[in-house]
Amino acid sequence: MSARRYQDRARPPNLRSEDYVSGQVYRDDGVFRDELDTVLGKVWHFACHVSEVPEPGDYRTFLHALQPLFVIRGEDEKLRCFFNTCPQCGARLLGDGAGTAARLRCVRHPGQFDWSGRVVASAQSEDNAESDVLSAAPRLREIHAETKNGLVFVNLDDAAQPLDAFLGQGLEIFDGVFGDDGVEYEVFHFHRATVKANWKAWQETIVDLYHEFMHVVLRTTQMTAAPMSARDMRVYPNGHLAIGGLKADYDNYKGYSARDGSAAFPGLTVDDARFTPLFPDTTIITRGTVMRIDTVTPLDPHRTIVESRGLGIKGEPEADRLMRMRHHNDYWGPFGRNVPEDAFAAEACEKSFGKGAGRYQIIARDEGGRGQDDLMLRAYYKAWSEMTGRLAHSPGNT
Amino acid sequence: MENSAGTRQTLPEMPDTHVVSGAVYTDKAIFEDEKRRVFGQCWHLACHESELGEAYDYRTFDYIGTPLIAIRGGDGVVRTFMNVCSHRGAKIIQEPSGNAKRLTCFYHLWSYDDRGNCVDIPRPEAYESSGLKKDDCGLFEVRTETHLGLVFINLDDKAPPVADYIGAALDPFADSLGSGELEVFHYNRAILHANWKAWQETNLDLYHEWMHVLLRRTQVGEGSMNTRVVKSFENGHTMGGGLKASYDKYKGMAARDPGMALPGLGPDDFFFVDLWPNAALLARGTAIRIDVVTPIDEKTMLVEWRGLGLKGDSADVRRTRMQHHNQYWGPFGRNVPEDAFAAEACELGFRHGAATRQLIAREEGGKGQDDGMLRAWYAEWARRMGRSPANPTNAIAPD
Amino acid sequence: MALDAEDFTAFIDLCSTEFDYRITVYSPEIRKEMIWLDQDYEGMRALLEMVPQHLKRLGTLKRHVSVYIIDHDATAAIATVTSSFIVTHTDPDGVSQLFVAGTYYDEVDCRGDRYLLKRRRAHLETRDLGIGSHIPI
Ligand code: FES
Ligand code: FES
Ligand SMILES: [Fe+2]
Ligand SMILES: [Fe+2]
């Protein structure tokens, strides 16, 4: 008899503690608050791509760790990140997702700020930019912003280590792609969705290689295109992960066709697939001709914003761009073959963990860092445990 | 003022058995206790066996936040499992019903059989070093028993058998439900915005016939208040019986053809049994209705309605039965939308404490419109919960 | 429009005396097609006449219909019309929500001096109707 008794469902699996995760990490309010403070509040978070804010005054707003933020390019070309709230009254400053503004106006008061966060007009003194009142007035609250390979990262922690130290070698599998041979990328696709699941359940759909079985497209194009033993998983300090050595036979899926060799990004062949989940909430994925960048942003333990970007080469001919859009959306668009399946999976896990029915998940696969090893999931939760000070298999215990 | 804000909180001079405090509907701690002491321990009517007619037919449903799946095994036995994958916890089967020898999780294709055994793990070699065994990965099984064709589950492995729990309460349905000839022809479900008990009360409160135009016309004046019987059984089950209906007294309805009556029922009979805590079975000559209410939280519930007829019904008879059933009980019928209206209206009264209590004080010697069913229901609630319905925020007995 | 306004006489006036009305819905739970309302002309008339006496959902329903296909039979006596509909509910506070979505399969009698609704099948996609409705869709 190997069905188990309902009464025994709280009993932990008979495995090493690193081989399973408690469902509490998805539903406990205390865990969630700790994640905001000790994980999301401390890490470098991917905010946007430089191509989204090309000109001085261009801004991009977003939410991170429940904080409304925006990145703006200054007249000095520098990218800065501020809280999207007026320091005097707390009202939101920028209402839309992106735009260009010479001045940032508070919706409630005549307060105005420039791209450096400096007050240039205030309720007390409307037009005298040099007055004492203005120099004494609070500036916009600024947080760290740094750029690497065209990727803009921000950090809520004033005492954060530099971005390079945080990333370490985390982007190495993209060395040739982001190399210095002059290729400039730009975002051509952006899509955001609210998923009814814990934010980590989304990140897991990327970190978990074993779930290729769920995707018809991956079963046909990926699982047999290269040997499992050619896959190469890497774990870096700070919880960053990477996998290379994946290949795809695109013409194995009905309606797809093999990619044209000349369309690949530098450093890649058309049938290469590589990805880097950057801890804890970002992933960069390439498939020969396309690159996707995902971020997950929790709203509460049970709801998550997923943002997905697609990148092409700046200035490329229209035909190439159209081809890239097609390739991107075949897999990854909201009407594509893969991403809706991942969202489905994340929500199906929420249905069991969200109210406490599911108690544990098993992440015990060992294939020596190849194939469909759960190594990356274990590394993700190890980093999570280190940052939160809670044990992923028993998060009530610190 | 007679009933000013100052005096509003004072309960009327009445025995505790005749008063229910609004806190039973609104208090979160009481609701958490109900999940444990009521829904965690009582038999719950999950479905009718005709919904699992063939081997490997399954039905999925949620019960107190737990996704479950009931499946008829190859051996004909209905079993229930948590519909949660042992691997990474995904809800395995999403469809409300189907037929499958293997329950295969969509995520990584782990498979389970009709006994809940984990029978397939793709590329299992990778688990060798961890010591994970397929045998340790079975689904969690929930106790399941069938009684008079009704499939019941119980989250408490130690609860007494369902037949003992029900006792004599379903005797009035022995001929109909016990015939083995019934099948479900109607199913609908709705989320209602009220505490779950407010729905159950619509099936316990005889006095509210006044609300239903249909019952005022067809029922209140029929038979005699004196021939009605309000009964209670062990474990809080109750019954209202001896009612009669003259269907032709409502415009657009016709008297029921005796030839269509279900086994053991007269065409104008009406009686109902409430199974504690959350089910009601109602018989009206030509159709049976089964209600099950499941809380989602203390202010939201799921109500499921089923209609039963004979398996052997001809198409014409079935159509008429549906008509009879739905005239009263369908979502476009005359009665059920009114009961749902009433349940939600009471919720509005109690939610923020505008109403603080309700009276269940009618006494007619167990006849007429006696509140005896409501009192018996709350007496059982008091016993299970260790709280007095009149003053429920003070628990009177620890576990 | 007549149903939206709860002007039931006007609605009945648009129906032929052969009127045959059903609300149908499929339940994946019990895997059966169901008929939730099944009325002929007289039945519909009686049902609508009684509506004002009932305790019913507060607020108003509003039907939005898009005609997809119109087909005449050979004699052009009967037209079959397939339309998609959604019904919104607006509560007394003015909050609107989608109540139900479905398809009408209608037969219109074109023989007389005006068109009369002879048959209506309202097939619902929506199955959770909250407290339900005394007024047909
Ligand atoms: S979660 Fe079900 S097979 Fe992985
Ligand atoms: S008359 Fe019974 S609740 Fe108002
Ligand atoms: Fe995926
Ligand atoms: Fe009622």
**OP:** Run the quick spin-label model on A:Lys382 and A:Asp96: label points 7 Å from Cα toward the beta carbon, then report their separation in nm to one decimal.
**Re:** 4.7 nm
Subject >> Other-chain or far-sequence residues with amide H under 5 Å of B:Asp371's (modelled H) >> reply: B:Arg362, B:Glu363, B:Glu364
**OP:** Counting only heavy atoms of the protein chains, get the accessible area per residue of the range B:165-304 (1.4 Å probe) and round it to a whole Å² value.
**Re:** 30 Å²
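Let me know the mean shielding of B:80-87 by other chains, meaning the per-residue number of their Cβ atoms within 10 Å of its Cβ. Before the final figure, lay out the partial values.
Working: counts 1, 3, 8, 5, 10, 6, 6, 7.
Neighbouring Cβ atoms belonging to other protein chains average 6 per residue here.
For B:Ala163 and C:Arg111, what does the FRET efficiency come to when R0 = 56 Å and r is the distance between their Cβ atoms, rounded to the nearest 0.05?
0.35
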Original post:
Which one of B:Asn335, B:Asn117, B:Asn278 has the biggest mean-square fluctuation once chain B is modelled by GNM with Cα springs under 10 Å?
Top reply: B:Asn117
Original post:
Mind checking the mean number of beta-carbon atoms from other chains within 10 Å of the Cβ atoms in B:124-135?
Top reply: 6
**OP:** Taking 7 Å along the Cα-to-C-beta vector as the label spot, tell me the B:Glu125-B:Ser246 distance in nanometres, rounded to one decimal.
**Re:** 8.2 nm
Subject >> Inter-probe distance in nm under a simple model that places probes 7 Å from Cα toward Cβ, at B:Val317 and B:Asp257 >> reply: 0.9 nm
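Take every residue in peptide A:291-299, count the Cβ atoms of other chains within 10 Å of its Cβ, and give the average of those counts.
On the way: counts 0, 0, 0, 0, 0, 0, 0, 0, 0.
Per-residue shielding by partner chains comes out at 0.
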Subject >> Solvent-accessible area buried by pairing B with C, both sides, nearest 100 square angstrom, 1.4 angstrom probe >> reply: 3300 Å²
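Probe radius 1.4 Å, ligands and nucleic acids ignored: give me the carbon and sulfur share of the accessible area of the protein assembly as shown as a rounded percent.
50 percent
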**OP:** Could you work out which residue, out of A:Phe46, A:Phe213, A:Phe353, moves most in a Gaussian network model of chain A, that is, has the largest mean-square fluctuation with Cα springs under 10 Å?
**Re:** A:Phe213
Original post:
Near A:Lys382, which aspartates and glutamates are there with a Cα under 13 Å away, not counting those fewer than 8 places off in the same chain?
Top reply: A:Glu18, A:Asp19, A:Asp374
**OP:** Please give every one of the lysines within straight-line cross-link reach of C:Lys32, meaning a C-alpha to C-alpha distance under 19 Å, and leave out same-chain neighbours fewer than 8 residues apart.
**Re:** B:Lys311
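Report the net charge of residues surrounding C:Gly102, where surrounding means a beta-carbon distance below 15 angstrom and charges are Lys +1, Arg +1, Asp -1, Glu -1. If you can, show how the numbers build up before the last one.
Values: positive: C:Arg22, C:Lys62, C:Arg63, C:Arg120, C:Arg121, C:Arg127; negative: C:Glu33, C:Asp106, C:Glu125, C:Asp128.
With Lys, Arg at +1 and Asp, Glu at -1, the net is +2.
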Original post:
Which pairs break 21 Å Cα to Cα here: A:Lys42/A:Lys200; B:Lys35/B:Lys299; A:Lys254/A:Lys351; A:Lys196/B:Lys134?
Top reply: A:Lys254/A:Lys351; A:Lys196/B:Lys134
Original post:
Comparing B:Arg256, B:Arg123, B:Arg217, which has the greatest mean-square fluctuation in the GNM of chain B with Cα pairs linked when under 10 Å apart?
Top reply: B:Arg123
**OP:** Would you tally the net charge around B:Arg351, using a Cβ to Cβ cut-off of less than 12 Å, leaving B:Arg351 out, and scoring K and R as +1, D and E as -1?
**Re:** -3
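The values are calculated or read from the model by the stated rules, or taken from the named source; none is laboratory data. Small disclaimer: the values here were computed from a predicted structure and weren't measured. FYI the Cβ positions are ideal-geometry reconstructions off the backbone, even for glycines, and counts take in every protein chain you see. Surface accessibility is based on the protein's heavy atoms, side chains included, excluding ligands, DNA and RNA. Shrake-Rupley method; radii C 1.70, N 1.55, O 1.52, S 1.80 Å.
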